[in-house]
């Protein structure tokens, strides 16, 4: 029973849960209409009582997850990402009713955009075309302004900051990691280069086996303060102390294997180079300059280290502003936020042959570069992605940005990816019309 409880926690809080597709399709999911937040009434009343209460004992269960992903800072320590005191940057509107826009799902059956959104347990969606909101929907009260857990979209912010520092000459992708973080000399990163970290091609002994409590993923969660360690636990209690314990597991650069710990190392490098906390960098370089509507925040470990692989929460509209800035080659309202070369390099992508080592057949043809997923389709699309259905999808050819925030019962992207890609293609066709 203890192993099963830990498995449930891991499904929610780890930034990647990859299972065999046949196991996922056999899982019985609750009807989306039966787990709508407003109907469930979690944490309502003065005070809330009985089954309405969400706490440490039930926060990792479903459907409580739907509420937790929009209120995570109420259940654990976080650090704020300030939007500052400047004016909100408006998003022009050219709204269209796309609810009934029809496309074919992965089985060849007709489905509407609204049916897709409900089927995939969507909380919020914003579609921009040429910088204007053409479609926007929220599926519960508060979803428009409560920051939503982004999970591994966090990695892509870390990657952007690192790429910008490379462009500024303050960091080199060809340098050894230990030039910046000598504390990792005896770890897997002791003979690894920064570009191996950026593209997750560094070989690290790090297992994400959720049915095995001896797997390194559990020690990672204990160190992050994601779940409480067992009474006899004597291992590391902070993220950086945990990273020092990981050893090399193969040949660096041989292939892409998705490991969240690389993002934590990259975040450490970014903070070491700049001398600033992740939240301060995001506030100064992005949130204040883009005129965001809401503060964002990131979860932290016991000494305030941010989870740079999975800990951010932000609203859909603010994430759409980030996507539009990137679509416009790093510019926003006439000012340069990221150098155009950063975006140009990102769009080129990584090594598609090395990507095959990932085993992610549901992302066939993709590559991974600077902590972003590159689709390599005809429109040159690329995206940031997080478990339970978090997506920031940028389609340069269609001049479109899509933000989709969800609370799907299944963590793995493999479960819904084929359908979501078809939906994004359909939305690109719709905005072009």
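The values are calculated or read from the model by the stated rules, or taken from the named source; none is laboratory data. What you see is a predicted model; the values in this text were computed from it and never measured. So basically every Cβ, Gly included, is an ideal-geometry build from the backbone, and we count neighbours across all protein chains shown.
When you scan segment 270-293, how many residues do you find that are in contact with a strand residue (DSSP E or B) (Cβ under 8 Å, 6 or more places away or on another chain), in a helix (DSSP H, G or I) and within 13 Å of residue 83 (Cβ to Cβ)?
4
So which strands (runs of 3 or more DSSP E) stay within segment 71-181 end to end and still have 2 or more residues that are crowded, with 19+ Cβ neighbours inside 10 Å and touching a strand residue (DSSP E or B) at 6+ places or on another chain (Cβ under 8 Å)?
78-81, 122-129, 132-138
Could you list all residues from segment 294-309 that are surrounded by fewer than 21 Cβ atoms within 10 Å (Cβ to Cβ), farther than 29 Å from residue 87 by Cβ and in contact with a strand residue (DSSP E or B) (Cβ under 7 Å, 6 or more places away or on another chain)?
Answer for segment 294-309, where residues must be surrounded by fewer than 21 Cβ atoms within 10 Å (Cβ to Cβ), farther than 29 Å from residue 87 by Cβ and in contact with a strand residue (DSSP E or B) (Cβ under 7 Å, 6 or more places away or on another chain): just 304.
Scan 151, 157 and give me the residue that is on the phi > 0 side of the Ramachandran plot and within 22 Å of the chain's Cα centre (by Cα).
Exactly one residue qualifies, and that residue is 151.
Output the qualifying pairs, or none if there are none: Cβ atoms under 9 angstrom, residues six or more apart or on different chains, first residue in segment 27-44 and in contact (Cβ under 8 Å) with a residue 12 or more places away in the chain and at positive phi, second residue surrounded by 10 or more Cβ atoms within 10 Å (Cβ to Cβ) and in a loop (DSSP other than H, G, I, E, B).
Note: pairs meeting the criteria are 43/53; 43/54; 43/71.
Determine whether residue 291 is surrounded by 18 or more Cβ atoms within 10 Å (Cβ to Cβ), touching a residue at least 12 places away in the same chain (Cβ under 8 Å), touching a helix residue (DSSP H, G or I) at 6+ places or on another chain (Cβ under 9 Å) and more than 22 Å from residue 386 (Cα to Cα). Walk me through how you get there before you give the answer.
Working: surrounded by 18 or more Cβ atoms within 10 Å (Cβ to Cβ): yes; touching a residue at least 12 places away in the same chain (Cβ under 8 Å): yes; touching a helix residue (DSSP H, G or I) at 6+ places or on another chain (Cβ under 9 Å): yes; more than 22 Å from residue 386 (Cα to Cα): yes.
Yes; evaluated as a whole, the condition is true for this residue.
Just to be sure, is residue 185 in contact with a helix residue (DSSP H, G or I) (Cβ under 6 Å, 6 or more places away or on another chain), modelled with pLDDT of 95 or more and loosely packed, with under 15 Cβ neighbours inside 10 Å?
When the stated conditions are applied, residue 185 passes them.
Suppose the filter is modelled with pLDDT of 95 or more and out of contact with any helix residue (DSSP H, G or I) (no Cβ under 8 Å at 6 or more places or on another chain); does residue 92 pass it? Explain how you work it out, then say what you get.
Values: modelled with pLDDT of 95 or more: yes; out of contact with any helix residue (DSSP H, G or I) (no Cβ under 8 Å at 6 or more places or on another chain): yes.
Yes, satisfied.
Give me the strands (runs of 3 or more DSSP E) completely within segment 335-433, filtered to those with at least 3 residues that are touching a residue at least 24 places away in the same chain (Cβ under 8 Å), in contact with a helix residue (DSSP H, G or I) (Cβ under 8 Å, 6 or more places away or on another chain) and surrounded by fewer than 23 Cβ atoms within 10 Å (Cβ to Cβ), ordered by residue number. It would help to see each step written out before you state the result.
Details: elements: 367-369, 372-374, 382-386, 390-395, 400-406.
Ranges flagged: none.
Failed condition for residue 251, given (1) touching a residue at least 24 places away in the same chain (Cβ under 8 Å); (2) at positive phi; (3) more than 21 Å from the chain's Cα centre (by Cα), with all others met?
Here residue 251 clears every test but (2).
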